[in-house]
Amino acid sequence: MRASRNVSIALRSGEVRALAGENGAGKSTIVRMLAGVQRPDEGDVLVDGEVKAFHGPADARDAGVAVIYQEPTLFPDLSIAENVMMGRHPLGSGRRIDFKALNRTVKELLDRLGVKLDPEQPVKGLSIADQQIVEIAKALSFDARVLIMDEPTAALSGHEVDRLFNVVRTLKERGAAVLFISHRLDEIFTICDTVTVLRDGEVTHDGRTAEMDTDELVRRMVGRELSNLFPKVDAEIGESVLQVERLTREGVFVDISFEVRRGEIVALAGLVGAGRSEVARAIFGIDKPDAGTVTVDGRTLKPGSPTGAMKAGIGLVPEDRRQQGLVMELSIERNMGLTRLQALRNKLGVIGMGSEAKLASDWATKLQLKYHKLSDPVGFLSGGNQQKVVLGKWLATSPKVLIIDEPTRGIDVGTKAEVHRLMSELAGQGLAVLMISSELPEVLGMADRVLVMHEGRIARELSREEADEENVVRAATGQVAAA
Amino acid sequence: MSASTQAAPTPAAPRAEEKTSWIDTVVRAREVSLIGVLAILVIAVSLAEPRFLNAQNLRDILLNVTIVALLAVGQTIVVVTRNIDLSVGSILGITAFATGVMFADHNVPIPLVFIGGILFGACFGVVNGVMVAYARVPSLVITLGTLYVIRGIDYWWASGRQINAADMPDGFLSLATQNILGFPVLPLFTIVAMVIVGVVLGRSRTGRELYAIGSNPDAAVLAGIRVTRRVLGAFVASGAIAGLAGVLYASRYGTLDAVAGNGIELFAVSAVVVGGVAIFGGSGTVWGAALGALLLATIRSALVILQVNPFWEQAINGALLLLAIGLDAYLAMRLARELRKRSSHRV
Amino acid sequence: ACGSTKDDEESATSTPAAEATTEGAAAAGGEIKEGLKIAFLPKQINNPYFTISDKGGEDAVKAFGGEFKRVGPSDTAASSQVSYINTLTTQKQDAIVISANDANAVVPALEKAKAAGIKVVTYDSDTAPEGRDLFINQAAAEDLGRSQVQLLAKQIGPEGGEIAILSATPNATNQNTWIEFMKDELSKPEYSKLKLVKTAYGNDDDQKSFEETQGLLQAYPDLKGIISPTTVGIAAAARYLQGSDAKGKVKLTGLGTPNQLRDFVKDGTIEGFELWDPGKLGYLAAYAAGALASGVITGAEGETFTAGDLGERTIGAKGEVLLGPPTVFDKANIDEFDF
Amino acid sequence: MSDVKTNVEGDVVRTSDSGFDIKRLGRWETVTVFLLLMAILYGATTSGSDFLSGGNLNSILSDMSEIAIIALPLTLIIVAAEIDLSVASVLGLTSALMGYLWNHGWAMEMIIPAVLVIGALAGALNGVLVTRLGLPSLAVTIGTLAMYRGLAYVVLGDQAVADFPSKFTEWGFGTFAGTQIPNPFVVFIVLAVVFFVVLHMTGIGRSIFAMGANEEAARFSGVRVKRIKFWLFVVTGAISALAGVVYAFRFASARADNGAGLELSVVAVVLLGGVSIFGGKGHLLGVICAMLLLGTLRNALTLNDVSAEVLTIVTGSLLLLSVLGPSVTARVREALRRGRGVDAPPTPTTT
Ligand SMILES: Nc1ncnc2c1ncn2[C@@H]1O[C@H](COP(=O)(O)OP(=O)(O)OP(=O)(O)O)[C@@H](O)[C@H]1O
Ligand SMILES: Nc1ncnc2c1ncn2[C@@H]1O[C@H](COP(=O)(O)OP(=O)(O)OP(=O)(O)O)[C@@H](O)[C@H]1O
Ligand SMILES: [Mg+2]
Ligand SMILES: [Mg+2]
């Protein structure tokens, strides 16, 4: 199986080129090859017209190619500064590292990005957003001639994205060539001059962004007309299923109270770091809250017990797919079966032959999963398809309440639309959905009700009617007193 | 506009600073708390038994810790790269015997014996390193294997032969007994090795890269670090240090047969653990490791001098080891909660 | 108490001993056969002491034209000898000569061997009687225990003082029996001034023994003497004393080989120690095994056999054959021995 | 003017040992089986009748009894990405306790359950330290390795208790209903079936694999990670205690140093069986083959008077082979597959 075939991309200095394509189109694979991580079977990489054979990331770097990978590649135990300058520490007397100089350089870099992070702070305990920012700082520290960014904005919220774009523009003026990958199409139109569209590993279009609009781009990526991106059908809303009362976890969020009703999609909006994921984790019992209760259908849950939450009918599609959503090494079917272990038992109490495979293939077809074999490690799938597996394994538990944290993070438009359709379908069938999202269009497009969090509190509750960009943003940035 | 806001103050800022200050203290705290525990122990024991503090005893403690501490230093290099070297005991054993043979059968001059021993140990380090780094297989298994193989070769070579103090030059043996200004000679070797390794790990690019590898091996590759080479290097260093330890062992214990240093690797690992070097790589210092070794040695000597029933010694040793790591984890947990409570003032 | 408890075992255990004596009745005679397969199974294959003793055994076996073979574990764990016994049984050896790591653990296996018609001789360290036909005793445990105390008492002199014992592993059969006799000897009025303050265990490990000695001197500053009834222990102790300021002040005696301790005797760290000749022990054991396997003897009390250069030997009570009194080594005589 | 062009035909990296890959596992098992046959062939040809005799089969199996028994729960522990080095010390502690209680006039029928409970408690302590305090099991069990052995000496000191009732000791070295299968090994066979079902056919087994491969994801899927781990340690403790009982009967002797150093052999067997030290991968059949392989080989070699030291070397080499074999073949295949030697994605090396 080939991930990419016969692809030609030209990056000119002073140009930002977008690489667009569905999940699994082969974008990251190309990035890996440009970065010298993976060796192409045929073809070459040319820099300034001459052929370069990259034997490893180091070669690519020396050739002036800097890369931001899709998943953060940081050293949790080391300080931000060392992460940025690893292997290039400034040396003092006797070839000893000069840590003062190191921290100074990195501080300047971070200031350029306009983030207040302490260079000496270990990367451990940084939010995904801050980790992504460190990645960016690292790439910038090279003053590279070629900058490749694989979905750098996936975990960033508005102002951080803006900062990033400003930096990219300055680089561009300085004559660097930039390759930018994102599933947020508006970003592509904001920052990119040209775009290469990839489908199933082949280039299907190469042109200037100015000469096309979103719909066309989508069409070229998906290869078909794509109807409405937010197919929200209004389901009739039933009685309340999930009640959260005065839920508090010191230092993360404070008395969070809300309810979700049958057939309702409630969005939890806010800036990255507002503590939304933590609320989700607490509801599902991953973290033990310091105070407050969670009630499902009138049954109060034992705090800190995911199993209890599952029994009560809660499902959680977590924010970090690779670390929390899936066991990458296990096969697709094993991952699917993981939430259904009790149900899969036959009368002998053992798991019947192929019962997992059956479960898996059912959901694979329901979700139109692109896969090779169900016994393949789920890690072989591309981001979007992995997300489908996660959804599948939770839908298989036929939950009453489904919490979805960043449902479409790193997922292409095609799949995005599918996921959204699925969500409203489920709501239609009377499922109560709590959706956490940093993408405003998604929030506005899908939610019946929007809860906006700011610094660990629910700043405001907005009905579908009142919810518009301005209201949400003002609440999220604390420009309104809690309603 | 895609996401939810224009310029807004990132909540990170205040939090970040508090974190740093705390993290720093934690990092430093490790060595500090070890020294604290050590001090308390010494004071308590010498109150109960003043002779604990007499010169001879202190010198003996130093001498006893010399070899384990040395191994712990070597072990640290490997452990920060998220590996482990269980074969050091066997390497020490076979090098010690080799030392004996060099003196007894070929009367090699003392300096050459030291060099020879270190190189000898390094060779085994290479074997371990090549298998771990190039074949990319778990070091725990590899070094468990070489632990057997090397010890087996040792048995085979010695085949019941014993080399006694009489077969070795007095100049060599006296290293273990002589003092420079009241300070025993043998531990000086360990101290020198410790300082060198300490500086390399802490202040050189190579050293930092070792930590990086241990912290996140995949990222290390992407960062263009020559992981294979570095890991190999770490094992060679550990082997060489085990070799040196073997030579010192010979000079200290004089009687050499195939069982020398059997099981000592567990002491080395214990020392490293107590010394706060994370078993999963990425953090920890040689100073910590050495202090850990010193702590354990002091405890053992204390048990003897307090005339504890020999049958109880081992049990107490084990219990104390558990106590040490348990306490450490507990403090870490408390601190994590502190951190959260702190940041809550912001909310 | 319900079920099987210790008490109702007492009666049962006596029976095997009874058989042991009855079978001895049929006296036999004649010469040791040619080509007997005799296997030596020491405590630990790479322990220098056994290298010496088994060398003696090999000479003997050669002398009466048998096949000598030596196998054994490289660790002193109780169980590790058993699998060797099993294989030797499978190989249908004529006799097994064993020094037991555990007086009891090896017995079931040895009984199987005996059932398969293999003769079993123990040397240096005995098993429970039902496990073997003969035990070649290096020196009556009693003599050894008492004589070491006497030796030390002589060295320390009339004023007496604190003494300690540095033994092998806590489970070493013969060390423990000797120590019993030492304690008994010490209880006699003439040793009232000698006070045994501690028994330390060096586990026959050089490093451990060395540090235990250290500990003894630290814990008991006015210690006068140490008895170490094990070759590893005494060597380690000697080396520590030699290096410390206690040299000469703290007397050291026990069991050791002359080669190991020659220097210490000469520089006065040790005044005198004792040991039997391990070579002779193995030699005698081999002959006993040969005699048993050829039916010259059955193992019954009072039977006699000729053990090469060692001449006529008689089987004593409980199927024991005595090698003879231990030799005391000191400045005067140590150079006459080489083992 | 910088200008990067690519014209590439990229094939996707297949991380050769990613995931619970039946085929690859099968491959390694067949290797162990193959080696096992080789060992038997070797034994049969070099010392034929002796080797093939029933008595010898018996001694092969009985020699492995304790190792085999303990290897079962330890396999589960290692698949769950933990380790327990204290097993041999628990064995020692329990057999020492048997001796102690026996000397104090307890009935054997009382002693056996008692020591099993003690073993479980010993395991529970490991479990608590690992799951509640979140300590690395390697460190914890190195500590308890020392402590439990120490307690064994505290209990029994330098005594050896050898007057266990003959009906038990005879069971210890007797064989099962006329066959040449030693009784202790029958215990193993029964347990083996149980553990096989649990690990490979039940939800608990699935959970163990999942948490071994990625603990956090398992937790997010509602797997009771801590609880399962805790009980794994408890069971391991109890089974080690059982092994202690078997040991004491088999050698008709209870001593504080029973089974000292056994832990390394057990770990060796499990890893030799192809269980990944990182957790998440392994198969009980592999472990059983490895166990038989080791036993047969050692026996065949001793029959040919190969000395103890060489045996040590063989054990070690087998262990090396068990990890080098799969990895090297995989990388060779990788290299052949893609004409130019491409650096396969790194597999993290962990302690
Ligand atoms: N290790 C692997 N083994 C086998 N197939 C793989 C592997 N990694 C990726 N693939 C496949 O190669 C194709 C391209 O993957 P790639 O990650 O480049 O897609 P992508 O465009 O980056 O998707 P996304 O937008 O979700 O990141 C996908 O079909 C994916 O399933
Ligand atoms: N900028 C930051 N600096 C330090 N820690 C942060 C930061 N952002 C988040 N965190 C940590 O993560 C917790 C919540 O962050 P997280 O990003 O998970 O919240 P969120 O609202 O779920 O954002 P998102 O789900 O969009 O990532 C905070 O309580 C804090 O512990
Ligand atoms: Mg991608
Ligand atoms: Mg989140």
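The values are calculated or read from the model by the stated rules, or taken from the named source; none is laboratory data. Since this is a predicted model, take the numbers as computed values, not measurements. Cβ: placed from backbone, ideal geometry, glycine included. Neighbour counts: every protein chain shown.
Taking the criterion of being within 23 Å of the chain's Cα centre (by Cα) and in contact (Cβ under 8 Å) with a residue 60 or more places away in the chain, would at least one residue in region A:464-472 satisfy it?
yes
Of all residues being more than 23 Å from A:Arg220 (Cα to Cα) and of a type in the set (A, V, I, L, M, F, W, C) in region A:401-421, which is farthest from ligand 1 (Cβ to nearest atom)? Just the residue, please.
Ranking the qualifying residues of region A:401-421, first place goes to A:Val401.
What's the total number of residues in region C:166-199 that are at pLDDT 90 or above and within 12 Å of chain D (Cβ to nearest Cβ)?
Final tally of qualifying residues: 4.
Checking the condition of a type in the set (Phe, Trp, Tyr) and within 16 Å of ligand 1 (Cβ to nearest atom), which residue from A:Phe253, A:Phe189, A:Phe180 passes?
After ruling out the rest, the residue left standing is A:Phe180.
Just checking: which of the helices (runs of 4 or more DSSP H) contained wholly in region A:390-481 hold 1 or more residues that are within 30 Å of A:Thr339 (Cβ to Cβ), within 16 Å of ligand 2 (Cβ to nearest atom) and within 14 Å of chain B (Cβ to nearest Cβ)?
By residue number, A:440-446.
Table: residues versus (1) surrounded by fewer than 21 Cβ atoms within 10 Å (Cβ to Cβ); (2) more than 13 Å from chain B (Cβ to nearest Cβ).
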| site | (1), (2) |
| --- | --- |
| A:Gln38 | no, no |
| A:Lys52 | yes, yes |
| A:Ala60 | no, no |
| A:Val65 | no, no |
| A:Arg88 | yes, no |
| A:Asp98 | yes, no |
| A:Asn103 | yes, no |
| A:Leu126 | no, no |
| A:Gln132 | no, no |
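Looking at this structure, is D:Ala290 aliphatic (A, V, I, L, M) and at pLDDT below 80?
no
As an exercise: evaluate A:Glu278 against (1) farther than 19 Å from D:Glu216 by Cβ; (2) more than 9 Å from every other protein chain (Cβ to nearest Cβ); (3) of a type in the set (D, E, K, R) and give the number of the one condition it does not meet.
Tallying (1) farther than 19 Å from D:Glu216 by Cβ; (2) more than 9 Å from every other protein chain (Cβ to nearest Cβ); (3) of a type in the set (D, E, K, R), A:Glu278 fails exactly one: (1).
Looking at region A:255-289, which of its residues are of a type in the set (Asp, Glu) and either touching a His at 6+ places or on another chain (Cβ under 7 Å) or within 12 Å of ligand 2 (Cβ to nearest atom) (or both)?
A:Glu278, A:Asp287 - these are the residues of region A:255-289 that are of a type in the set (Asp, Glu) and either touching a His at 6+ places or on another chain (Cβ under 7 Å) or within 12 Å of ligand 2 (Cβ to nearest atom) (or both).
Does C:Val61 fit the bill of being facing another protein chain (nearest Cβ under 8 Å) and crowded, with 24+ Cβ neighbours inside 10 Å?
No.
All but one of (1) closer than 20 Å to C:Gly56 by Cβ; (2) touching a helix residue (DSSP H, G or I) at 6+ places or on another chain (Cβ under 9 Å); (3) at pLDDT 85 or above hold for C:Asp309; which doesn't?
(3)
Go through the residues of region A:436-449 one by one and say whether even a single one is on the phi < 0 side of the Ramachandran plot and more than 21 Å from the chain's Cα centre (by Cα).
Taking every residue of region A:436-449 in turn, at least one turns out to be on the phi < 0 side of the Ramachandran plot and more than 21 Å from the chain's Cα centre (by Cα).
Given the criterion in a loop (DSSP other than H, G, I, E, B), within 11 Å of chain D (Cβ to nearest Cβ) and at pLDDT 80 or above, identify the matching residue among B:Ala319, B:Ala268, B:Ala278.
Exactly one residue qualifies, and that residue is B:Ala278.
Report every pair of residues separated by at least 6 positions or lying on different chains whose Cβ atoms are under 8 Å apart, first residue within region A:283-312 and in contact (Cβ under 8 Å) with a residue 24 or more places away in the chain and β-branched (Val, Ile, Thr), second part of a loop (DSSP other than H, G, I, E, B) and crowded, with 17+ Cβ neighbours inside 10 Å.
Listed by first residue and then by second, the contacts come to A:Thr293/A:Leu301; A:Thr293/A:Pro303; A:Val294/A:Leu301; A:Val294/A:Pro303; A:Thr295/A:Leu301; A:Val296/A:Gly313; A:Val296/A:Lys400.
Please name all residue pairs, on different chains or six or more residues apart, with Cβ atoms under 8 Å, provided the first residue is in region B:151-162 and is more than 7 Å from chain D (Cβ to nearest Cβ) and assigned to a helix (DSSP H, G or I) and the second residue is crowded, with 24+ Cβ neighbours inside 10 Å and among the small types (Gly, Ala, Ser).
B:Asp154/B:Ser90; B:Asp154/B:Gly93; B:Asp154/B:Ala258; B:Trp157/B:Ala258; B:Ala158/B:Ala258
Quick one: what pairs do we get from region D:101-114, first residue within 7 Å of chain C (Cβ to nearest Cβ) and in contact (Cβ under 8 Å) with a residue 12 or more places away in the chain, second part of a loop (DSSP other than H, G, I, E, B) and surrounded by 15 or more Cβ atoms within 10 Å (Cβ to Cβ), C-beta under 7 Å, 6+ apart or different chains?
If the second residue must be part of a loop (DSSP other than H, G, I, E, B) and surrounded by 15 or more Cβ atoms within 10 Å (Cβ to Cβ), the pairs left are D:Trp102/D:Phe164; D:Met108/C:Ser4; D:Met108/D:Pro165.
Which of the numbered conditions does A:Asp143 fail, given that it passes all the others? Conditions: (1) closer than 24 Å to B:Leu222 by Cα; (2) buried (at least 16 other Cβ atoms within 10 Å of the Cβ); (3) touching a strand residue (DSSP E or B) at 6+ places or on another chain (Cβ under 9 Å).
(2)
Collect the residues in region A:295-327 that are under 16 Å from A:Thr397 (Cβ atoms), of a type outside the set (Gly, Ala, Ser), more than 17 Å from the chain's Cα centre (by Cα) and crowded, with 18+ Cβ neighbours inside 10 Å, keeping them in residue-number order.
Hits for region A:295-327 are A:Val296, A:Leu301, A:Pro306, A:Met310, A:Ile314.
Which of the helices (runs of 4 or more DSSP H) found entirely inside region A:58-148 contain at least 1 residues meeting this: within 16 Å of ligand 1 (Cβ to nearest atom) and in contact (Cβ under 8 Å) with a residue 24 or more places away in the chain?
Where helices (runs of 4 or more DSSP H) fall fully within region A:58-148 and carry at least 1 residues being within 16 Å of ligand 1 (Cβ to nearest atom) and in contact (Cβ under 8 Å) with a residue 24 or more places away in the chain, they are A:128-141.
How do the helices (runs of 4 or more DSSP H) wholly within region D:183-239 filter down when requiring 3 or more residues that are more than 17 Å from the chain's Cα centre (by Cα), among the hydrophobic types (A, V, I, L, M, F, W, C) and buried (at least 21 other Cβ atoms within 10 Å of the Cβ): which remain?
Those helices (runs of 4 or more DSSP H) span D:203-213, D:215-220.
Across region A:149-160, which residue is farthest from A:Arg184 (Cα to Cα) among those that are within 16 Å of ligand 4 (Cβ to nearest atom) and either more than 13 Å from chain B (Cβ to nearest Cβ) or part of a helix (DSSP H, G or I) (or both)?
A:Glu160
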